[in-house]
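K.L.:
One structure follows; several queries about it will come next.
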Amino acid sequence: MTKLLLSLHVLGAIILIGPSTVAASLFPRYARQVLAPDGDRTPKGTSALRLLHRVTRVYAGVSAAVPLLGLATAMAMGALGDTWLTVSIVITVVAAILLAFAVFSQDAIIDALDDKDRDPAEVTALASGLPRLGIITGLFSLAWAVVTVLMIIRPGSTTGA
């Protein structure tokens, strides 16, 4: 059972967290292009931005299964009290909070683009928050990288590495 849980946990991390990380990281770049004063705010011009937002939002929700599978795996392995796991859990919570901020920021940009009555200058002003969004998504990616490294080089590993 432990091998099945671990396999599902790792597959979930790759298949679910990977796409949300990439999509969240690409969103600020495409948002800068769309929100530029001369940016293309037509449905065709915003299609990539909307797709990245949808991927980030959907995969963020579904990827909640990954930490749950991780906890189930840790319980099956008897590793719940291990320090490396506690640190991984804390970093995972931080990553989830960062992703929530990123999704809410993306929501605001998409909503502003959808609001036909909104002043175009207000929409352009949203671009000032894009560097912060880029930092948030970068920290989100870094958090997952640290958790991945902790999972690979964890103390007491049976890999012999």
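K.L.:
Is it the case that the stretch 68-88 has a residue that's within 29 Å of ARG154 (Cβ to Cβ), in contact with a Ser or Thr (Cβ under 9 Å, 6 or more places away or on another chain) and β-branched (Val, Ile, Thr)?
P.N.:
Yes, because at least one residue in the stretch 68-88 is within 29 Å of ARG154 (Cβ to Cβ), in contact with a Ser or Thr (Cβ under 9 Å, 6 or more places away or on another chain) and β-branched (Val, Ile, Thr).
K.L.:
State which residue pairs qualify: first residue open to solvent by less than 80 Å² (accessible area, probe 1.4 Å) and inside the stretch 112-130, second residue among the hydroxyl-bearing types (Ser, Thr, Tyr) in any location, beta carbons under 6 Å apart, and separation of 6 or more residues or different chains.
P.N.:
Taking only residues 6 or more apart or on different chains, the pairs are LEU113/THR46.
K.L.:
May I pose another question? How about the stretch 13-104: which helices (runs of 4 or more DSSP H) wholly inside it have at least 1 residues that are under 11 Å from the mean Cα position of the chain (by Cα) and buried (at least 20 other Cβ atoms within 10 Å of the Cβ)? Quick ask: steps written out before the conclusion?
P.N.:
Working: elements: 18-35, 43-62, 65-77.
Where helices (runs of 4 or more DSSP H) fall fully within the stretch 13-104 and carry at least 1 residues being under 11 Å from the mean Cα position of the chain (by Cα) and buried (at least 20 other Cβ atoms within 10 Å of the Cβ), they are 18-35, 43-62.
The values are calculated or read from the model by the stated rules, or taken from the named source; none is laboratory data. Values in this document were obtained by computation on a predicted structure and should not be read as measured data. Every residue, glycine among them, receives a Cβ derived from its backbone with ideal geometry; neighbour counts consider all protein chains shown. Quick note on the areas: whole protein, heavy atoms, side chains included, nothing else; ligands and nucleic acids left out. Shrake-Rupley method; radii C 1.70, N 1.55, O 1.52, S 1.80 Å.
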